[in-house]
1. Given the options Thr431, Gly363, Met262, identify the residue whose Cα lies farthest towards the positive end of the charge dipole of the chain (+1 on Cβ of Lys, Arg; -1 on Cβ of Asp, Glu).
2. In debye to the nearest 20, how big a dipole does the chain give about its Cα centre with +1 on each Lys and Arg Cβ and -1 on each Asp and Glu Cβ?
3. Express the relative contact order of the chain as a whole percentage, based on alpha carbon pairs under 8 Å and six or more residues apart in sequence.
4. For a test of the definition: using alpha carbon positions, the gyration tensor, and the 1.5 limit on a/c, classify the stretch 175-276 as rounded, prolate or oblate.
5. Cα to Cα, under 20 Å, and not fewer than 8 places away if on the same chain: which lysines meet these conditions relative to Lys124?
6. Give the label of the value calculated from the structure for Rg and Dmax of the Cα atoms in Å, choosing from [x] 27.5, 80; [y] 27.1, 87; [z] 37.8, 156.
7. Can you tell me the accessible area per residue over the chain, all protein chains present, probe 1.4 angstrom, in square angstrom?
8. Once Lys and Arg get +1 and Asp and Glu get -1 on their Cβ, which of Ala250, Gln304, Gly324 lies farthest toward the positive end of the dipole of the chain?
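The values are calculated or read from the model by the stated rules, or taken from the named source; none is laboratory data. All of these numbers come straight from a predicted model, not from anything done at the bench. No Cβ is skipped: glycine too gets one built from the backbone with ideal geometry, and neighbour counts run over all protein chains shown. Only protein heavy atoms, including side chains, enter the accessible area calculation; ligands, DNA and RNA are left aside. Shrake-Rupley method; radii C 1.70, N 1.55, O 1.52, S 1.80 Å.
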Amino acid sequence: MTLIEVLISSVIVGIVTLGTFAGFDALGKSDADQRHHNQATVLAAQSQEALRSDPATALNELVNKGGHVYTQTVQGTKYTITQTAQFETGSGTAATCNAAAGHSNEASNYIRVSSSVRWSSLGKTRPAVTATSLITPPVGSALEVDVTNGGKVETAVPGVTVIAEGVETTTSEKGCVIYNGIPSTTTEVEAFKLGYVTKSGAFKFFAKEVSIAPNVITHESIYLAQGGSITANFKYNKGATAVTGDTFVAVNNEIGVNPETMAGATKLAFNSESAYTTVPGTYASSAKTAIEPTHYPTGNLFPQPSAWTVYAGDCASNNPEKYGVSLEKGGSTVTAGANTTTSVPMSLVTLNVYKNTKATPEGLFTTTSYPATVTNLSCTTPLAATPNDAYKANYEHPNSTSTTGHLTNAYQPFGKFKLCFSNGTKTFTSTYTNSTEAGSTVNVYLKASNGTVTEGSGPSLVETTVATGTTC
């Protein structure tokens, strides 16, 4: 009986002991959890204090990037702190914007900042320790940047990189972004998206100073659209015959800069910033506006609501409509991300190189080919330098005479030109105007005396000037 009593007593003591230790363990866990909560509260408060002392630019960045996460270890426990912020209106609702609508719904007067703290033993289901407060920015100025495609029905452009106040962000699905609490009356704004161009054909909206009114939202509208391109096919005989050329011009009065032209060519030269010039002298049956993978992967032409006028040459003065020659009806409409093909008329220049003098020409010279230069006199005075315009072209077009006594590349744009070549001892120069498809005829006599050789009174014949020397 005594042994049984001892065993029962031992069991009872064990149960009591287990209960006591379980109580101590629960109390310890509760104390540890309370300590973690207390420490998390302290960290949240410290985070809030830091946010309240941040400059407006830092708060803007926090809003635009959707928050900031960092960790801090205290007495062996790692805490994860998440800081977030959003603009709010005076009514307590979040400030929003819509580029297509052209305005935000209400001025954003405050920034709500939140600090949430979690640690591993808190688990995934229990709420974080969170502290929230409202901050009145040091200056109640705000800037809304709205990016649309500039079409007849404007559409918002999301995913555009916008930089203002030193903060880089991207436009939302509604094509806009808000910068709040800007501590100045001006700021610089720039925007870009790969493959998108401005109305003037630049690959980005370059930094522009914007004036900001206090206590209201200032709106800055930016137009960006995916670039397109134009291919020009050189034609003769009212478009029935394919011929060769090297440069052409695309004109649209909605470009917004002077001159309202963009250049195309069989060959283009790009610099490090993707500004480009035409490289005349490479002849082919078609030419194209700029396509360059770094900045213009689908082209540099803005898909303007109106059609583009396209013709061969280097500048607006080469427009054949000045001489009553019709262009492709309706012009060329550029589509975002696509290529448009059009035909452009050319004028024929008939060069006849004779062996002897005008009195005894003795047939065309068929032995030697001479290098020649055709200078576009219609475009020799560039206008104000603007990015990627036709007036930056090289107006001297390399050419040559053939061994049949004619011009190797005989088809040229409309307008005023100068032809020059040398046979090694003399230079021969003619100035003419291509005002019809039939163009001009230039007769050259290799044994002519220095001076002016008059070809006759016919409108297609021009005078040839002969001089000693080999430089055109």
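1. Gly363
2. 1160 debye
3. It comes to 10 percent, rounded to a whole number.
4. In terms of gyration-tensor shape, prolate.
5. Output for Lys124: Lys29, Lys78.
6. [z]
7. Solvent-accessible surface per residue comes out at 47 Å².
8. Going by the charge dipole, the pick is Gly324.
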